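Heads up, the thing below is written out as structure tokens.
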Amino acid sequence: MHESTATLRVCALYPDLMNIYADRGNLLMLERRCRWRGLGFALDGAGLGDALDPGGADLYYVGGGQDRDQELCAGDLVEHKREALHAAAARGAVVLAVCGGFQLLGHSYALGGRTLPGAGLVDLRTVRADGPRLIGNVAIELAIESRFDGVANRVLAGFENHGGRTHLGPGVKPLGRVLRGHGNNGADGLEGVRAGNVIGTYLHGPLLPKNAWFADWLIATALRLERPLAPLDDALEDLAHADARKAAGL
Amino acid sequence: MTALDAKIVAARTVGTLVRRAGRGGGTSLPGKLLIALEPRAIGELAARLPDGCAVISATNGKTTTAAMVASILARSGHRLVHNRAGANMAGGIASTLLASARRGGRIDGDLGLFEVDEFWLARVIDELHPRAVLLSNLFRDQLDRYGELETIADRWAGVAAALPAASRLVLCADDPLIADLGRSAAAEVSYFGVEDPAVALPAMQHAADSKHCRRCGAAYRYESIYVGHLGSYHCPSCGQRRPEPSIRAEAVVLEGVASATFTLVMPAGSRRVRLPLPGLYNVYNALGAAALGLALGARLDAIAAGLEAVSAAFGRAERIMVGDVELSILLIKNPAGANEILRTLALEPGSLDLLALLNDRTADGRDVSWVWDADFELVASKVSSAVCSGTRAAELALRLKYAGVPVRRLRVVPEPAQALDAALAGTAGGRLFALPTYTALLALREELAERGHAPGWWAP
């Protein structure tokens, strides 16, 4: 797609329920970084009971929520949005799911005596363990490809706070490798999930303000741009990224 | 000398040594030591108070509300034992009691007034056996430390249900999470709330919590929203609705960062009150203080006079002259609280010079996500300069940039003393607004004290 005519269409799932860790910051990063470059930006929301348009967005976003809200959304996701989300992913739309949203990407989330269903978009399961919540600053390393730069090793830094332990199915790729922090389950050194343009992660903080490069990667990928995005003055973004890495102990 | 007296002397000696060594306030250390020596120290010392004690908890406004209650009760002739510096976990409460304890099983004061951290409420109430408890609000706050809001609400429900019938429970009618605590209480319950649609928000703010009925899970319908999720609401599904408050604020007039005026309506009559603290959030604090004062036997005249005479609690809308610049210090610590500060600043005429300090230490919350939930957009177009400081200074500058403040108006100066200098030098209009998180507030206050502009924060 040509940059000057492009509009990034974002659909946030459950924007008033799944927003606990300042997920708004992620959406704001996408919006501003599009507009500063003359790209259009359109934000839509799909709440409880709403149907999801599988062709309606270039990027689908699911944030984190409290247990009670997550449970409401899990049931609704399976009933009203699962098939559309599968269709969107199949046509190459970006799906970015953070924290509670990441958990809902998988088959199930077992907590206490009950099990929440998931979208089944990737082969992973989450279990609420008896141990302490996994909380703290976190940094991960990932190899990420772009059609302009080839594959590069990059760092994402953020904050994690989750009671669930997520386990990837056989052959499923994580988003990255844990450098500092707990990651998916505090045991296997893996963080998040990556299946094509479907991305799940426990990194909030929020994620994109601390990792402006990743916001740009998402924009370019979602819009399938033919040329690299114009550079911006990222002095503050770079400082914030450096502080987040430092907070994680890198 | 009793066994407890000996432990008190030991704990107090350590506190004195720490303070002399210049290790900051040392506010809660003697109390922690006393608890280590005598695990039931809080209960034993509180039992010495002839008129018992009262407890205040909330996510936002604890320290200011307690200062208001203290001002009311001082006019009712009470001598208080009060953790006024805001050290509100077990160690801080034990320290306060320790400082007032006298030999021979006596205590210097007749009534205890304690603000208590929301996480410690159950434990501390078990020991204090308060005669009155004020619970004001629950907002999203420091998720890394406190966990989810619903978890705290569940704990508090246990606390409220366990209060004996002879005690008083004072609740905010406008916060559905709080109001619901009155449902199964044995204690005598009174409610307070705002009734003035003219000061309601046009829509629910982004970071609002508790939008769903505590009883049945359906979405509340709001007739008015005043602060965050505080307002007039009902559940269309199960019929739960805001209880009718017997202590109310009507005809509210907000006057920038200086003051707020409202009509205080109580069962005994009403008074026009000019509160020397700003914002609708302080009107809520004043209502809670009035309702608790009433539950403790204060009369309407003492309540109104006490509210009008209150001075800003430490770092809460406190104003200090620094040379020829008037510095207003407004603590920010979570989205709901920060939004009320920002809403108040937006009412100020002219442009704003800011000194914003974001730390990520344990007492601030290590997770700085919340600054992205706070509505800095409310003031973005008014900011003429903002110096950002603290351990996460760049993150805060970034937040302001994405809220719409031009980058040329932003500076990142992580070290607080240098940031203060930079902000004072860049202040055009003779007024500077400092927005620190909790530990940044301590650092800023210490720096101001060293420069001779403010007393040390541990001063009584």
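The values are calculated or read from the model by the stated rules, or taken from the named source; none is laboratory data. Just so we're clear, the structure is a prediction, and the values are computed from it rather than from any experiment. Virtual Cβ from ideal backbone geometry, glycine too; neighbours counted across all protein chains shown. Just so you know, the surface numbers come from the protein's heavy atoms only, side chains and all, with ligands and any DNA or RNA stripped out. Shrake-Rupley method; radii C 1.70, N 1.55, O 1.52, S 1.80 Å.
Values computed for the structure shown
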item: Tail weight of P(r) past 21 Å, computed on alpha-carbon pairs of segment B:255-325, percent; result: 27
item: Two-site FRET efficiency, B:S237 against B:D110, from Cβ-Cβ distance with R₀ of 51 Å, rounded to 0.05; result: 0.60
item: Cysteines, chain B, no other Cys beta-carbon under 4.7 Å; result: B:C53, B:C172, B:C388
item: Protein accessible area in chain B, 1.4 Å probe - carbon and sulfur %; result: 53
item: Point-to-point label distance, A:V78-B:D154, nm (Cα→Cβ direction, 7 Å offset); result: 2.1
item: Amide H partners (placed H, <5 Å) of A:L179, local residues excluded; result: A:A139, A:I140, A:E141
item: Base-10 log of normalised Debye intensity for chain A (one unit scatterer per alpha-carbon) at q = 0.12, 0.18 Å⁻¹; result: -0.63, -1.52
item: Directionally averaged projected area (convex hull, Cα atoms, chain B), nm²; result: 20.5
item: Difference of contour (0.36 nm per residue) and Cα-Cα distance, A:R224 to A:A87; result: 47.5 nm
item: Net length gained if the chain between B:A161 and B:T2 were fully extended (0.36 nm per residue, minus Cα distance); result: 53.7 nm
item: Relative contact order (%) - segment B:380-460, alpha-carbon pairs under 8 angstrom, separation at least six; result: 27
item: Label-point gap, in nm, between B:A363 and B:D51 - each point 7 angstrom along Cα→Cβ; result: 3.0
item: Cβ-based net charge around A:F214, under 14 Å, with every Lys or Arg adding one and every Asp or Glu removing one; result: -3
item: Count of Lys pairs (Cα-Cα under 30 Å; at least 8 positions apart or interchain) in the protein assembly as shown; result: 24
item: Inter-probe distance in nm under a simple model that places probes 7 Å from Cα toward Cβ, at B:M204 and B:A258; result: 3.6
item: Per residue accessible area of the protein assembly as shown, 1.4 Å probe, in Å²; result: 36
item: B:V412 long-range amide H proximity, modeled H, under 5 Å; result: B:C388
item: Neighbourhood net charge (11 Å Cβ-Cβ; Lys/Arg +1, Asp/Glu -1) for A:D188; result: +1
item: Per-selection metrics, the protein assembly as shown (Cα): Rg and Dmax in Å; result: 26.0, 86
item: Dipole magnitude (debye, nearest 20) for the protein assembly as shown, charges at Cβ of Lys, Arg, Asp, Glu; result: 1200
item: For segment B:129-138, 3J(HN,Hα) per residue [Karplus equation, 6.51 cos²θ - 1.76 cosθ + 1.60, θ = phi - 60°, Hz, x = Gly/Pro]; result: 6, x, 8, 9, 10, 10, 10, 9, 6, 10
item: Value of relative contact order over segment B:314-460, rounded to a whole percent, pairs C-alpha under 8 Å and six or more apart; result: 32
item: Accessible surface buried upon A-B contact (total; probe 1.4 Å; Å², nearest 100); result: 3100
item: Relative contact order of segment A:147-250, pairs being alpha-carbon contacts under 8 Å that are 6 or more residues apart, as %; result: 30
item: DSSP-defined antiparallel bridges as percent of all bridges, segment B:3-308, nearest 5; result: 50
item: Counted charge near B:R106, where neighbours are those whose Cβ lies closer than 12 Å (Asp, Glu -1; Lys, Arg +1); result: 0
